[in-house]
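K.L.:
The structure's right below; bear with me while I get my questions together.
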Amino acid sequence: MEQFIKNLPKAELHLHIEGSFEPELMFKIAERNQVKIPFSSVEDLRNAYQFSKLQDFLDIYYAGANVLQTRQDFYDLTWAYLQKAHENKILHTEIFFDPQTHTSRGVPFQLVIEGIIDALNNGRKEFGVSSKLIMSFLRHLSEESAFETLNEALPYRDKIVAVGLDSSEKGNPPEKFERVFDKARELGFLTVAHAGEEGPSEYVWGALHDLNVSRIDHGNRSLEDNDLVALLSDEQVPLTICPLSNLKLQVVKDMGEHPLKLMLDKGLKVTVNSDDPAYFGGYVNENYLAVTKALQLNKDHLYRLARNSFESAFLLPEEKQRYL
Ligand code: ES4
Ligand code: ZN
């Protein structure tokens, strides 16, 4: 099965580029920028990656991102991920970036996005990996800050396929960003949102109805509402599931309890993704392997998951045809 997974062509649809920041590269860039990291070694830092909930992770994830300052840093970060993606037989990837994590520290939007885009172009050239960028708003920040970020993205309208919503879910419902998402759709962006990871199934309804999303990121808690499951299944709304993330953030207690197989059985359009691989212990292949072992998935399941990943991608029909 491990070999089957390695050889299976896949698309990744839920990956935070800041969450692919491996400790080795973090130390290297910190030294280059003469920034101090409050850990004595790579091992020491990795040992701190123990989370009991989403917020524990977010605190350390934003602290790690503070090291990133130059266009070269964003290039190196993205390039390191693309090498991993290529090794994982990812032929197409759609990556999130969180501009507010950087602009709030005085790092210009332009430098962030241009470093990322340079690397994506090189990934296309060197590995033939196609890619799209999704700009994600931090939901713990204000509507006003999201609007400012949307404005900064306007010169890059053709380089960003969609806007998303991430960070602390509980207490920050989708409707907080209804007007920003309306504006984004008016400007031609597609929309996605993290929903039903820690937050309730109502937030999945909100993402669909108030934000008009094309995909739900996570969506685990949708299973608590049968009417919602029926809608997601009827409309074949893609869910970007992240098994190792769910385990590390204790969304599931044990991988054997992960709802992925149940979701497949209910006819939901699920995909498998790595979310924040540097923090959660694995890239896409490790995510496929972990659920395969824990839930006894067979080759048909795996083939379906991989096919779903391409079908759910924000590619034009003629681009998709290459993969299906
Ligand atoms: C995230 Cl796993 C997860 N959930 C919400 N926001 C995030 N940002 C980065 N990873
Ligand atoms: Zn995520």
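K.L.:
Taking the Cα centre of the stretch 194-290 as origin, work out the dipole magnitude from +1 charges on Lys and Arg Cβ and -1 charges on Asp and Glu Cβ, in debye rounded to 20.
P.N.:
280 debye
K.L.:
Further, regarding this structure: Net charge within 12 Å of Leu295 by Cβ-Cβ distance, Lys/Arg positive one each and Asp/Glu negative one each, not counting Leu295 itself?
P.N.:
Taking every Cβ under 12 Å from that of Leu295, the sum is -1.
K.L.:
Another question about this same structure. Using only DSSP helix segments of four residues or longer, with each worth -39500 (n - 2.57), what per-residue ellipticity at 222 nm results for the chain after dividing by its residue count and rounding to 500?
P.N.:
-14000 deg cm²/dmol
K.L.:
Tell me the Kirkwood radius of the stretch 131-198: reciprocal of the mean inverse pair distance over distinct alpha-carbon atoms, in Å.
P.N.:
With all distinct Cα pairs of the stretch 131-198 included, I get 12.0 Å.
K.L.:
Tell me the net charge near Ser222. Cut-off is 11 Å between Cβ atoms, Ser222 excluded, with +1 for each Lys or Arg and -1 for each Asp or Glu.
P.N.:
Around Ser222, the charge tally is -3.
K.L.:
At what distance in nm do the modelled label points of Met1 and Tyr303 sit from each other, each positioned 7 Å from its Cα along Cα→Cβ?
P.N.:
Placing both labels 7 Å beyond Cα along the Cβ direction yields 1.7 nm.
K.L.:
Related question: Would you kindly state how much longer the chain becomes between Gln110 and Lys36 on full extension, computed as 0.36 nm times their sequence separation minus their alpha carbon distance, in nm to one decimal?
P.N.:
Here the segment from Gln110 to Lys36 would lengthen by 24.2 nm.
K.L.:
In addition: Could you tell me how many cubic angstrom of Cα convex hull volume the stretch 1-115 has per residue?
P.N.:
That works out to 126 Å³ per residue.
K.L.:
Given Cβ point charges of +1 (Lys, Arg) and -1 (Asp, Glu) and nothing else, what value in debye, to the nearest 20, does the dipole of the stretch 111-233 about its Cα centre take?
P.N.:
Result for the stretch 111-233 is approximately 480 debye, rounded to the nearest 20.
K.L.:
What number results when the radius of gyration of the chain, computed over Cα atoms, is divided by 2.2 N^0.38 Å?
P.N.:
That works out to 0.93 for the chain.
K.L.:
A follow-up question, please. Quick one: net charge around Asn122, please, counting Lys, Arg +1 and Asp, Glu -1 for every other residue with C-beta under 14 Å from its C-beta.
P.N.:
After counting each charged neighbour, the total is -1.
K.L.:
Using the Kirkwood formula on the Cα atoms of the stretch 222-324, what hydrodynamic radius do you get, in angstrom to one decimal?
P.N.:
Final number for the Kirkwood radius of the stretch 222-324 is 14.3 Å.
K.L.:
Of the trypsin sites (Lys or Arg not before Pro) in the stretch 42-121, which ones lie in a loop per DSSP and count no more than 16 other C-beta atoms within 10 Å?
P.N.:
The qualifying sites are Lys53, Lys89, Arg105.
K.L.:
Next up: Do the alpha carbons of any pairs in Lys6/Lys132; Lys10/Lys36; Lys10/Lys253; Lys159/Lys253; Lys36/Lys125; Lys176/Lys293 sit beyond 32 Å of each other, and which pairs?
P.N.:
Too far apart for the 32 Å limit: Lys10/Lys36; Lys159/Lys253; Lys36/Lys125; Lys176/Lys293.
Rule-based calculations on the coordinates, nothing more; no lab input. Quick caveat: nothing in here was measured; it's all calculated off a predicted structure. Methodologically, a virtual Cβ is constructed for each residue, glycine included, from the backbone with ideal geometry; neighbour enumeration extends over all protein chains shown.
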